[in-house]
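Below: the structure, in structure tokens.
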Amino acid sequence: MAKRDAVEVAQLLAEIGQRMRLRGGNPYRAKAYTRAAENLLTLTLPLETIVAEDRLQEIPGVGDAIADLIAKLHSGGTHPLLEDMRSEFPASALEMLRVPGLKPEKAIKLHKELGISSLKELEDAARGDRLKTAKGFGPALQAKILQGIAMLERGTGQKHVHRAAELLDQAARNLRASHPGVTRITPAGDFRRGCELVSDFILVGQRPKRGYEEISNGKVRVALSDAAHFGATLLFATGSEQHVAALKQLAAKKGMQLDENGLQQNGRRIAKSEEEIYAALGLPFIAPELRESGDVVALALKGRLPRPVEDSDIRGVLHAHTNQSDGVHTLAQMAKAARSRDYAYLGLTDHSQSAHYAGGLKPDEVIAQQAEVDSLNRTFKDDFHIFKGIESDIVADGSLDYPVEFLGRFEFIIASVHSHFRMEKKAQTERILRAVANPFTTVLGHITGRQLLRRPGYELDIERVLKACADHGVAVEINANPWRLDLDWRWYRQALEMGCLFSINADAHSTTEIDLTHWGVVMARKGGVPKARVLNALEREPFASHIEARRTAALRRIKKKTSSPAPSPREGGRRRMRLLRVHAKTR
Ligand SMILES: [Zn+2]
Ligand SMILES: [Zn+2]
């Protein structure tokens, strides 16, 4: 019998992982199989060669035991461990494990009590309101399951961007090892375009020999071409289809031809690299993140190509948790990590008191934490600064979390929804509008509450919320956590037109999560957000003046008229103009 290839073995390994989850026990063990399966898909040599050369253990996550398992699956297509597990549940029941929000023990229960043994049967039972006959299944869980199935259907084959980055990185390492002559290795596809969910796993590289070659041993497709064709190969592998079509059209108009062989005129190739192709077409280089549609070519021709913000423009980490709420590291560690990455400031925002599940800070804890900030700030002198903020829950009625007299203690506030996701649209919108109108609010956090491949956002009139953010000078958060990437980049152009400011926030719960900022920058770039509209692209001094001006105005307002805390939209607009002026000066 033919030996199983990497894709088939990865499937079997993943099945073992899933069956282990169903059995219960250590979830990390189950995860180890899933990870090994994914890494198997990044191979750039046939699995047969790797097994023959006894190099399985060079694959990340593959130790003695898993290597032995892979070798057996490769040669025989199964393993006693797998056969033993297969007798416990039908294969179709495993599909249920992929539904976000349905835990393995619940899936087992549904199988045992209601005889449900496939995704289809699960969906039918949920639609027919039958799940609740099993113990522990209420209408809320039933709704969540239906939502999860819908997400699953939409997200098939997609990976979160940070995980895709890891896999592509591993594939590039494999390629360097398996094909030492290959240079200029670059991920392409929707990953290079900065999409929030990745389904194209493509690497492009330059090979020393003439001609074109394609390698595909797992999930990653590798496209290799010589120096003369590298640009065209990269351009076509990056897409999008619409963008490439617009370029082809432009080429034809200019009496040229653009195809996989490159950009040609009178039968001669006139450009090698991507840069040269754009230049020969009379265009500036169009950043891959902007290549989602064909429209950008027209913008570029009119000289109106956006100049999006870059990683190096970000000067402060504005949304960071410590171990005083639900973070992993201490305040000193978080500050040190931000400083060592050359940021000029850290905006400390632990959770507020209502978020008790996340260790939200009570007023006396806030006071103690702020004293710690003061003493740390004295040690930094002028090269770094911690600003005293809070991620305040937006409570059900739209107020912020602490009494109004207490809010003035914070130098800035990120207002976020962490509860009552299921309000109806109008009430949810009114609730958030109230928080935006609160003069103490500096930034509106993860606006829709979505979690990619896990749950959609709550019902919300996003347009009204953005308009209010623009009117009140409240920055719109681009939450950079790859599970959130909220607000969705598709809204940014409209938000920019309304006059919104953005804040690109790591929402870091550990020192390494500070680096998630990058994914937020990628989203901002996709939405064409320029540096001048990013709050934390401000240097420390202008950032400090911005938040201090807002705080002082808020304090004045509550002194004057405690009964009506909302500033008029006109004043918010004036504040925003002031900030934009500051930006113009510092650029
Ligand atoms: Zn939050
Ligand atoms: Zn947070």
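Numbers for the structure displayed
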read-out: Subset tally (residues that are closer than 26 Å to Gly457 by Cβ and not acidic (Asp, Glu)) for the stretch 109-131; value: 5
read-out: Subset of the stretch 404-450 [at pLDDT below 95 and of a type outside the set (A, V, I, L, M, F, W, C)]; value: Glu405, Ser419, His420, Arg422
read-out: Among residues of the stretch 306-322, those that are more than 16 Å from ligand 1 (Cβ to nearest atom) and either part of a strand (DSSP E or B) or not aliphatic (A, V, I, L, M) (or both), counted; value: 9
read-out: Condition check for Arg55: in contact (Cβ under 8 Å) with a residue 12 or more places away in the chain and either touching a strand residue (DSSP E or B) at 6+ places or on another chain (Cβ under 7 Å) or surrounded by fewer than 20 Cβ atoms within 10 Å (Cβ to Cβ) (or both); value: no
read-out: Members of the stretch 323-355 found to be assigned to a loop (DSSP other than H, G, I, E, B), away from ligand 1 (no atom under 15 Å from the Cβ) and among the aliphatic types (A, V, I, L, M), listed by number; value: Val328, Ala344
read-out: Matching residues, the stretch 224-236, being hydrophobic (A, V, I, L, M, F, W, C) and buried (at least 22 other Cβ atoms within 10 Å of the Cβ); value: Leu224, Phe230, Ala232, Leu234, Leu235
read-out: Which listed residue, of Thr512, Thr552, is more than 16 Å from ligand 1 (Cβ to nearest atom), among the polar types (S, T, N, Q), closer than 21 Å to Val436 by Cβ and not assigned by TED's automatic domain parsing to the domain that holds Val297; value: Thr552
read-out: Pairs, first over 15 Å from Ser416 (Cβ atoms) in the stretch 482-506, second among the hydroxyl-bearing types (Ser, Thr, Tyr), C-beta under 8 Å, six or more apart; value: Asp488/Thr448; Phe502/Tyr492; Ile504/Thr517
read-out: 3 or more residues under 26 Å from Glu48 (Cα atoms): qualifying strands (runs of 3 or more DSSP E) within the stretch 188-264; value: 202-206, 212-216, 221-225
read-out: Given (1) surrounded by 13 or more Cβ atoms within 10 Å (Cβ to Cβ); (2) without any contact (Cβ under 8 Å) to a residue 12 or more places away in the chain; (3) farther than 22 Å from Asn479 by Cα, number of the condition Arg304 does not satisfy; value: (1)
read-out: Filtered residue count, the stretch 417-437, keeping only those that are in contact (Cβ under 8 Å) with a residue 40 or more places away in the chain and either touching a strand residue (DSSP E or B) at 6+ places or on another chain (Cβ under 7 Å) or within 14 Å of ligand 1 (Cβ to nearest atom) (or both); value: 4
read-out: Subset of the stretch 480-499 [surrounded by fewer than 24 Cβ atoms within 10 Å (Cβ to Cβ), of a type outside the set (Asp, Glu) and part of a loop (DSSP other than H, G, I, E, B)]; value: Asn481, Pro482, Trp483, Gly499
read-out: Within the stretch 500-520, considering residues that are part of a strand (DSSP E or B) and within 16 Å of ligand 2 (Cβ to nearest atom), the one farthest from Pro308 (Cα to Cα); value: Ala508
read-out: Which numbered condition Lys388 fails, given (1) in a strand (DSSP E or B); (2) among the basic types (Lys, Arg); (3) more than 30 Å from Arg431 (Cβ to Cβ); value: (3)
read-out: Enumeration of residues in the stretch 396-431 that are within 16 Å of ligand 2 (Cβ to nearest atom) and either buried (at least 19 other Cβ atoms within 10 Å of the Cβ) or within 20 Å of Ala475 (Cβ to Cβ) (or both); value: Leu400, Asp401, Phe410, Phe412, Ile413, Ile414, Ala415, Ser416, Val417, His418
read-out: Test result for Ser312, under 21 Å from Asp507 (Cβ atoms), loosely packed, with under 15 Cβ neighbours inside 10 Å and away from ligand 2 (no atom under 16 Å from the Cβ); value: yes
read-out: Any hit, the stretch 350-364, residues being modelled with pLDDT of 95 or more, crowded, with 21+ Cβ neighbours inside 10 Å, closer than 23 Å to Arg551 by Cα and away from ligand 2 (no atom under 16 Å from the Cβ); value: no
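The values are calculated or read from the model by the stated rules, or taken from the named source; none is laboratory data. Keep in mind the model is a prediction, meaning the values are calculated, not measured. Note that we place each Cβ from the backbone using ideal geometry, even for glycine, and neighbour counts take in every protein chain shown.
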